[in-house]
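In what follows, a single structure is set out as C-alpha cells and then discussed.
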C-alpha cells in the first residue's frame, strides 16, 4: 500500500482526477451514498470543497478517502474493506 501511495504522490491533482485507470477509480464522494455524512474535521466546511475517493489497487487494499487543498491530497480515511459503502445510516 505504501509503495502505491508513493507512486501516486508523483501525480498532480489534475492527473489523479482525470486518470481513467480501472485500478485507480478516482471520483468525488457522494455523502448520500455512504454511511457517513462528513469527515468530522474541525472547520470542515472551509477546508473541504469536494471529498474524493480512489482505489489503491484492484480489490486488494480498498479505498482512500480525503480531499484536495491546492495540489495536496489529505487522506482522512483508509477503507481497506470498502465498508463506507456497506451500510448506509
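Nothing in this text is a laboratory measurement; each read-out follows from the coordinates by a stated rule. Remember, it's a predicted structure, so these values are computed and weren't measured experimentally. With ideal geometry, Cβ positions are generated from the backbone for all residues, glycine too; neighbour counts draw on all protein chains shown.
Structural remarks
- C-alpha center-to-center spacing [the stretch 34-74, the stretch 3-29] in angstrom: 13 Å
- Placing a label point 7 Å from the Cα of residue 71 along the Cα-to-Cβ direction, the residues of the stretch 17-33 whose backbone N falls under 15 Å of that point are 17.
- Per-selection Kirkwood Rh - the chain (Cα, Å, 1 d.p.): 13.5 Å
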